[in-house]
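Here the structure is laid out as structure tokens; the discussion comes afterwards.
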Amino acid sequence: MHNILNCKYFSFAFCELPNMHAPPQRRRLGASMKLHVLQLGILSFLLAGVAAQFPPSISLDDVEVKTVSSPTNTNITIQYKSPLPGTCKTAFSSQKQYTGYVNLPPSTLALVQQDYPINTFFWFVEARENPKKAPLTVWLNGGPGSSSMIGMFQEVGPCEVVEIDKTRLGTRARAWGWDRSSNMLFIDQPNQVGFSYDTLTNGSLNLLSGLLYSQAKSAPPKQPHNTFLNGTFPSHDHDHTTNTTAISSRAIWHVLQAFLAEFPQYNPSGNGNNSVGINLFTESYGGHYGPAFATYFEKQNDLLDQGKLPANSTLKIDLVSLGIIQGCVDDTIQGSSYSDFAYSNSYDIKAVSVTDYKSMKHSFSKSGGCREQIEKCRKAVASKDRNNTAADECSSAVIYCNQYVVNPFEASGRSPYDISQASLDPFPSNLYLEYLNTAAVQSSIGTPVNFSTSNQDVSYAFTMTGDRARGGQIAQLASLLAKGVRVALIYGDSDYLCNWRGGEAVSFAVAAAASNYTSSFNSAGYSPIITNESYIGGVVRQAGNLSFSRIYDAGHEIPAYQPETMFTLFSRIIQGGNDLSSGQPADLATFRSKGDANSTAVNHAPAMALPTCFLRNVAATCSQGQQIMLQSGSGVIINGVHYESEAQWSAKDSSRVGDGVLLGDAGVPGTESVEMMGMTPNASKSSELPAIGVFTATTTPRMKEQRSTSASVLSTEIPGRFGLVTIIALFLL
């Protein structure tokens, strides 16, 4: 029996978890303590995304499924199919999609004890235009242990889940999906995350208690059956996953080798298209994944060039851009920002008392405190001691920093992912959890496991190695810059966990480590990110290939809050040779952005949203009253959401169209166009925008309600997703 975390985001102190020093299999729900895992992914009730029935059986002999061996290792296979039309509705029906698994047998990862299989799930979507000539972008969510389906369905993917009627969910094309500019590859990693698995294991999940049973069983007496579900899972053995970022980089390299070998038409490195390349964008704990994975790719490329890898069976992964979104990169640099941001931020929200503020700050900097423990961990790692004391030193540092530097924020009752909202924040929508666990979707994409957004055992494995404290990311980013890779650090300004002040400090640390950037980056100013003809979405400091962006009114999952701004910035980054402020061509060898030395924009916090109770995310989204109703069987469940009555659902028309700007009709697996209840095609929240194209600015918008604060500095208020942000920026009049 496993304890399933009761929290929305699998991170930091904002979940309840039993003693982390006991293996997950032995945990009991009752004897809990604060979570000592500095984990940064999206949880959505961890394994609360399971189906009421087992997934369809997937046969390797299925005519719809193709299985081939990887050229780098004939024991590695890639198994895939094309999902049915409408499963993830794209802007154009001509866009091809592939879903499947790269299967790594035991002992694949050299010099690592790997006595378990690794079956890594991927979902690929073609670009809307010229997919054979388009760049390829690999998307990875963080965690460690969070599924990249979060990014696909809540943030940057081609589609968003919507309600068709009171009995069906479907998808509609997302106007600002990143397939607008790039081929997109979403990968669930490390092993056992999302749809990825080691060994298939049947079990039961109690949505109300958060307990996962390793064998399927019946619901307890008097408990509503829709809150106790049978499903198929990975083993949840924490020894059956890659337990450090460094080891995970080897696994993901094999996955990409297999994918690119089978789909050479999407490999910019191998199709003679030298104008584009491969981009890696990653979020949250991606502040660790991104630098390490990119560095490993470069190392393998060097070995290939030196003739130390077989040229006839190894592919170069030519990375041109690394984007880190809301990344926690290095706690020795970002650690002090937790107390500062919690107590003083651009929203004028004091989330902690002055006493807690001082305590958090002291716990970070004092002798024997967080920073010193991390430094001690890194010395142990550098010594490469045979007794492996580094794991103990590093895990202790992770636990201490979490408990004393990060934890105090929890008492605020605010969301650590958007400080302007309460902890039961309904945004972004969790409808995708229900959708991905329908039999029709699972059959369409060819998965034998039920979907879960994050995996506690993966988190446990990373915590016990102290992966987060081990360091090396700053040096890796500097090395990537030296190799000509574009490095973009992007932060929303309402997130606490990997807040933008800490991200800004990281950008200066990277510039200092990359000697060619120290002077140019430090002297660059903040320029407005011109999203369209009338809107500025944030500010960017850029020198050559290094940039840092602050996105206004955006929480942890930035693209969900500011989709157009993030798409526009993403496109300018991957195109290369651009001023990220305007999209105009620039000589990056000498380019520096111009503007103020500091970003001083002031945000206005909106009213807090009322909670939406998602059945597959009870503890993180349902109020105490809603949980009591669920336990008693009161109310109704419509499309995975609890309502007091059907009338309450009918009154919420807007809930049926998703969060973002959408295109065209809705689709369901096997059907690309279905009528939505009470709506005509292209109705509410539909976009009249063209489905292709990237905006390039020729002028800076003259916003409404401007007022001069000096001869050349203007203050203006513009609408964000929730409220208003006051911009202090240098405008060209």
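In summary, residue 484 fulfils each of the numbered conditions (1) farther than 29 Å from residue 240 by Cα; (2) outside any loop (DSSP other than H, G, I, E, B) with the single exception of condition (2). For residue 206, the test of being closer than 26 Å to residue 634 by Cα and surrounded by fewer than 22 Cβ atoms within 10 Å (Cβ to Cβ) is passed.
Listed by first and then second residue, the pairs linking a residue in the range 584-600 that is at positive phi to a residue that is in a loop (DSSP other than H, G, I, E, B), with Cβ atoms under 7 Å apart and 6 or more places separating them unless they lie on different chains, are 595/525. Taking residues in the range 176-204 that are farther than 30 Å from residue 276 by Cβ, and partners anywhere that are in a helix (DSSP H, G or I), the pairs with Cβ atoms closer than 8 Å and at least 6 places apart or on different chains are 191/251; 191/458; 192/457; 192/458. Based on this model, can you work out whether residue 262 counts as under 30 Å from residue 484 (Cβ atoms), over 23 Å from the mean Cα position of the chain (by Cα) and of a type in the set (Asp, Glu)? The answer is yes for residue 262. Among the residues making up the range 209-247, a single one is crowded, with 19+ Cβ neighbours inside 10 Å and free of Cβ contacts under 8 Å to residues at least 40 places away in the same chain: 228.
Here the strands (runs of 3 or more DSSP E) wholly within the range 516-584 that include at least 1 residues being more than 19 Å from residue 598 (Cβ to Cβ) and polar (S, T, N, Q) are 527-532.
In the range 435-466, the residue that is surrounded by the fewest Cβ atoms within 10 Å (Cβ to Cβ) out of those that are in a loop (DSSP other than H, G, I, E, B) and of a type in the set (A, V, I, L, M) is 449. Residue count for the range 154-174 satisfying the condition of being outside any strand (DSSP E or B) and farther than 12 Å from residue 89 by Cβ: 5. Comparison of 89, 166, 133, 81 shows that the only residue that is at pLDDT 95 or above and over 28 Å from residue 200 (Cα atoms) is 89. Annotation: residue 353 fulfils all but one of (1) surrounded by 19 or more Cβ atoms within 10 Å (Cβ to Cβ); (2) under 19 Å from residue 416 (Cβ atoms); (3) not charged (D, E, K, R); the unmet one is (1). Of all the listed residues (172, 180), the sole one being touching a Cys at 6+ places or on another chain (Cβ under 7 Å) and under 30 Å from residue 561 (Cα atoms) is 172. Scan the range 286-295 and give yes if some residue there is among the hydrophobic types (A, V, I, L, M, F, W, C) and either surrounded by 24 or more Cβ atoms within 10 Å (Cβ to Cβ) or within 30 Å of residue 619 (Cα to Cα) (or both), otherwise no. Scanning the range 286-295, I find at least one residue that is among the hydrophobic types (A, V, I, L, M, F, W, C) and either surrounded by 24 or more Cβ atoms within 10 Å (Cβ to Cβ) or within 30 Å of residue 619 (Cα to Cα) (or both), so the answer is yes.
The values are calculated or read from the model by the stated rules, or taken from the named source; none is laboratory data. Everything numeric in this text was worked out from a predicted model, so none of it was measured. Counting neighbours? That spans all protein chains shown, and the Cβs are built from the backbone with ideal geometry, glycine included.
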